[in-house]
1. Could you please give the count of residues in segment 163-181 that are surrounded by 15 or more Cβ atoms within 10 Å (Cβ to Cβ) and in contact with a helix residue (DSSP H, G or I) (Cβ under 9 Å, 6 or more places away or on another chain)?
2. Can you pull out every residue in segment 51-70 that is surrounded by fewer than 24 Cβ atoms within 10 Å (Cβ to Cβ) and over 13 Å from residue 266 (Cβ atoms)?
3. Which is in contact (Cβ under 8 Å) with a residue 24 or more places away in the chain, more than 28 Å from residue 79 (Cα to Cα), open to solvent by less than 50 Å² (accessible area, probe 1.4 Å) and in contact with a Leu (Cβ under 6 Å, 6 or more places away or on another chain), of 216, 212?
4. Right, residue 190: aromatic (Phe, Trp, Tyr), under 30 Å from residue 301 (Cβ atoms) and at pLDDT 95 or above or not?
5. Using beta carbons and a limit of 9 Å, which pairs, at least six apart or on different chains, have the first residue in segment 130-155 and charged (D, E, K, R) and the second one open to solvent by 10 Å² or more (accessible area, probe 1.4 Å) and assigned to a helix (DSSP H, G or I)?
6. Filter segment 290-303 for residues that are within 16 Å of the chain's Cα centre (by Cα) and surrounded by fewer than 20 Cβ atoms within 10 Å (Cβ to Cβ); which is farthest from residue 260 (Cα to Cα)?
7. Can you name the residue in segment 154-179 that is part of a loop (DSSP other than H, G, I, E, B) and over 27 Å from residue 126 (Cβ atoms) and, of all such residues, is farthest from the chain's Cα centre (by Cα)?
8. Residue 134: open to solvent by 10 Å² or more (accessible area, probe 1.4 Å), within 18 Å of residue 54 (Cβ to Cβ) and at pLDDT below 95, yes or no?
Amino acid sequence: MGTLCALLVAAAAAATPVPPGARETKTMEHGGLTRSWHLFKPAEGPYPRPVLFALHGGGGTGKGFIEHAHHDIDRAAAAAGFAVVYPEGVKKAWNDGRGIGSKADDHGFLSALADRLIKEGVADPRGLYAAGISNGGFMSHALACRDAGRWAAIGAVVTSMGEAVAADCKPSRPVPVLMVNGTEDRLIPWDGREVKLLGRSRGRKLTVPETAAKWAALDGCTGEPVREDLPDAADDGTRWSLEARRTCKAGAEVLLYKVTGGGHTWPNAEVYLPRVVGRTSRDVAFEPLLFSFLKRHPLPEAK
């Protein structure tokens, strides 16, 4: 994000009311590195409670993610009874299994952070969730594949599953998954198998439909997905539809929200570099939809 865009994002964030609660920035040592995160604890309601790990995209930051979404993630979390933690990747990236960029032990770091939030009485161990954009979404898929006994459900925005992660994905339980993808995303193409940034390869992936089908198979879903169109609420060149697989084992769901005309963007977020990332959709109040999905999928109790 360029300097001008960053200033515009900051100005918009400053004009957006911040939901009541406490925000803490803390650090810990892990894997020989100092890792940091930003925790939003809503003022109302008891603790421990469900916690969403909101994972920023490549080149972004956890702090920037808060502002980029106009605090809408925090606001929806407070309404749903969640807290939110925004971890920081190493050098603005996550080691998401594509074999590019960061080599940090992000699985270990996020697991250790989850354990710490449980020990501190913030997080309910049955209510740990991950949702991310782009690189953070790839990381969410990887977390669910590797440690389904910890992460109750995931959300993945403008991303898919890396090929290497998909080849080794053997979750210990059916994992509920919500995906949002734009058909005009040039960075994470709907039907493409290669991630490209400024003409350079950023790893291999499944297509978006293949990723949804992969999770449907892993979750033991039966039948064809049920399709429905969502209201076209904004004149922004996009239109949402849902392909829902709900007849899955253990009550899991695989939901794919297809944003026709949508680009590589978080819904309703600050617009930046539209010629590069494409259209930002404003048809759907996304964060309440996301938390509604997460809330109905706590981790099953251990037998």
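The values are calculated or read from the model by the stated rules, or taken from the named source; none is laboratory data. Keep in mind that what you see is a predicted model, and the values were worked out from it rather than measured. A quick note on method: Cβ atoms are made from the backbone with ideal geometry, for glycine too, and the neighbour counts reach across all protein chains shown. For accessibility, only protein heavy atoms count, side chains too; no ligands or nucleic acids. Shrake-Rupley method; radii C 1.70, N 1.55, O 1.52, S 1.80 Å.
1. Qualifying residue count for the region: 13.
2. 58, 59, 61, 62, 63
3. Every option except 212 fails the conditions.
4. No, not satisfied.
5. Listed pairs, sorted by first residue: 146/107; 146/165; 147/107; 147/111; 150/111.
6. 295
7. Filtering segment 154-179 for residues that are part of a loop (DSSP other than H, G, I, E, B) and over 27 Å from residue 126 (Cβ atoms), the one farthest from the chain's Cα centre (by Cα) comes out as 160.
8. no
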